[in-house]
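None of the figures in this text is laboratory data; all of them are computed from the coordinates on show. Since we're looking at a predicted model, the values are computed, not measured. Reconstructed Cβ throughout: ideal geometry from the backbone, glycine too, with neighbour counts over all protein chains shown.
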Amino acid sequence: MDEKDRLEIIKDILFTDDREYIEKISERIALLEKTVNEKERLSSKVDPIIENQLEEFTKSIPTTLGPTITETLREQIRTQRDEVVDALFPILGKMIKKYIAQEMKALSEKIDSQFDFISKWKIRLKALFSGKKKKELLLQQLASAKIEQVLLIEKDSGILKASYSKTKTIDEEMVSGMLTAIKSFVEDAFNQQNQSLELIEYELYQIHLQSFVTHYMAVVISGPYGLKSKNRLQDLIFDFYNRYMAMNVDLVVDFPVLEKKTKKADKRTIERELASSFGNAKI
Amino acid sequence: MQKSKKIVILGHFGVGKTSLIRRFVKNSFSDKYKVTIGVHISKKVVGFGSGETISMILWDLEGTDDIRMIRNPYLLGTHGAFFVFDVNRPSTFQNIQEDLAVLSKKMPEVPLLIIGNKVDLVNQDDLNILLKENDISFDFLTSAKTGEWVEDAFLQMATLLKDA
Ligand SMILES: Nc1nc2c(ncn2[C@@H]2O[C@H](COP(=O)(O)OP(=O)(O)OP(=O)(O)O)[C@@H](O)[C@H]2O)c(=O)[nH]1
Ligand SMILES: [Mg+2]
C-alpha cells in the first residue's frame, strides 16, 4: 500500500455516510489493522503523512460529520434515555439498569464534547500507524491526573468570579451555582461550621474544593487522583493564593464596607493568572 | 462587563416556582408535577437596550410550607428574591405577611418581588376581590402556563439588579 492508497482510505473514512459511520470505520480499521500488522515496517515512513492527515481529519469532523452525528445521538439519548433503559430493564435487571443509565449519561456527555470524541479516534489511528498498542496509549493518557478546569467562586452567592478551562463544554456559571448549593447543603446538614467540603466525586471526575475567606476554588480533575496529586494540587493552589489572591483585597477580606471602596480584581487578569498557574501544571 | 446576580425563588410547595423559571428560561410548560428536591440552578442572560447584559443565576429552592425552615446558607449572598404564591390555594398566601417578615429578616436589603401564580385557573374579578379582602399585596399576577406576565416579572428583577 502506498501513500496514495492511504490517503484514499482516510478520505473514505471522512466521507462515509454518517448513519453507518461508526460501523464502517470499525470495519475499515479492522482491515487497516490487518494490513498494518503485515507491513509494520512501513509505519515509520507513513507516520508523518498520517499526522498531517489526522490534523485534517480532526479539523474537518466538526464541520462535516460531527454535527450530524452528535446531534442525532445526543437527541436520541436525551429524549429517549428512559425509554431505552426501560426497554432493556426486564432482561437486564436493576443493577445493570443503573449501570446503563450512567453509561448513557456519560456517553451523552462525551458526545457533547467533540474534543473527546476526536481524540479517541486519534489514539486509535495513531496506534495503528505507530505500532504501539492502543491499550498502551490509552493507559499512558490515563495514567496521570489532569486539571480540567479551575473555578474561582464567590463563597456565599456562588457567583463565578473567574475560570480556567481546557475545553469549554459546560456552563461554568451554572456549575458554580450548583457546587455552591451542594457545598452549602453538606456543610449545613452536617453542621460543620469550621470544616468545609473538600472533595466531590462526579462520575469520571473529582472536584477538589479549597475554601478561602470570601472565595473558594473548585478544581476539576480527571484521571487517578491520589494523595500525591492532591499534595501537588494543594501546593499549586496555595502558590496561586500567595502570588495573586493575597494581593487583591476583595478576594480575601470579608468586610462589607470594604466592598464599595476597594477596586475589585478584574476578571481578565485573574483568568490570566489562573491559566498561567494551572494551565500546564502537572499534578 | 457582564454582571452575574444570584436570585432565589421561594414559596410554598407546588405554587409553580419551577414552572415560572422554566417558562422564563425555556419558554415551555408542563402539567406534570415534579417536586424540586434541594436546589435547582438555571441561568438566563438578559440584555438591555444600552447593550448591558446581566446573567441571572436562578436558584429554584424546594418549596416549604414553613418559610422558616429554609436552609439559611442557600440564601447567603442573594442579590434578589421572588416570593411566589398560588392564587388558587389560599393556604399558600394566608400567612404572607409573616412569611415576608421572616424573609426580610433572613435577607435584609435584598429586593423582593411577590408573584401570585396560576391566574389562568381563576376568574380575574373574583381574584381581585379575594386579594383585596385579604389585604394581599403583590407585584405580579402570572401564569406559567399561558406565560402572561412571567417575563415582565423577571425583567423587572433584572432591572432592579442592573445598577445595584
Ligand atoms: N394551570 C397552571 N398550572 C401551573 C402553573 N404553574 C405551575 N403549574 C402546575 O403546578 C404544579 C406545580 O408546579 P411546580 O412549578 O413544580 O411548583 P414548585 O413551586 O416548583 O413546587 P416545589 O418544587 O415542590 O416547591 C405543576 O403540575 C405545574 O404544571 C400555572 O401558571 N397554571
Ligand atoms: Mg419546584
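Taking label points 7 Å from Cα along the Cα-to-Cβ direction, B:N128 and A:K264 give a separation of 4.3 nm. A straight chain from A:I200 to A:R28 at 0.36 nm per residue would run longer than the Cα-Cα distance by 57.8 nm. Peptide packing: for B:150-156, A:173-179, the average count of neighbouring Cβ atoms within 10 Å per residue gives the ranking A:173-179, B:150-156, highest mean first. Put simply, the convex hull of the Cα atoms in region B:2-162 casts, on average, a shadow of 9.1 nm².
For region B:47-125, what does the alpha-carbon gyration tensor say about shape, rounded, prolate or oblate, given a ≥ b ≥ c as the root eigenvalues, a/c under 1.5 as rounded, and a/b over b/c as prolate? Because a/c hits 1.5 or more and a/b fails to exceed b/c, region B:47-125 counts as oblate. 3J(HN,Hα) along region B:148-164, derived from phi through the Karplus expression 6.51 cos²θ - 1.76 cosθ + 1.60 where θ = phi - 60°, amounts to 4, 6, 5, 4, 4, 5, 5, 5, 4, 4, 4, 5, 4, 8, 3, 9, 6 Hz, with x in place of Gly and Pro.
Restricting to chain B, what percent of DSSP beta bridges are antiparallel, rounded to 5? Each step should come with its number before you reach the end.
On the way: 9 of 29 bridges.
If we restrict to bridges inside chain B, about 30 percent are antiparallel.
Once every DSSP H run of n ≥ 4 in chain B is given -39500 (n - 2.57) and the sum is divided by its residues, what mean residue ellipticity at 222 nm do you get, rounded to the nearest 500 deg cm²/dmol?
Numbers: 4 runs with 44 residues, N = 164.
Result for chain B, helices only: -8000 deg cm²/dmol.
The packing ranking, built from the mean of other Cβ atoms within 10 Å per residue, places the peptides B:82-88, B:35-41 in the order B:82-88, B:35-41, highest first.
Shielding by partners for peptide B:72-78, expressed as the average number of C-beta atoms from other protein chains within 10 Å of each residue's C-beta, is 6.
Placing a pseudo-label 7 Å from each Cα along the Cα-to-Cβ vector at A:F212 and A:F185 gives an inter-label distance of 2.7 nm.
Taking Lys and Arg as +1 and Asp and Glu as -1, the other residues whose beta-carbon sits under 10 Å from that of B:V150 total 0.
Among B:P73, B:P111, B:P90, the residue with the largest mean-square fluctuation in a Gaussian network model of chain B, with springs joining Cα atoms closer than 10 Å, is B:P73.
Taking 23 Å as the limit for the C-alpha separation, the pairs B:K3/B:K34; B:K34/B:K145; A:K155/B:K43; A:K146/B:K3; A:K161/B:K34; A:K146/A:K264 exceed it in the case of B:K3/B:K34; A:K146/B:K3; A:K161/B:K34; A:K146/A:K264.
In plain terms, the chain from A:A281 to A:K228 could stretch by 17.7 nm, reckoned as 0.36 nm per residue minus the Cα-Cα distance. Taking 7 Å steps out from each Cα toward its Cβ at B:F48 and B:K105 produces label points 3.4 nm apart.
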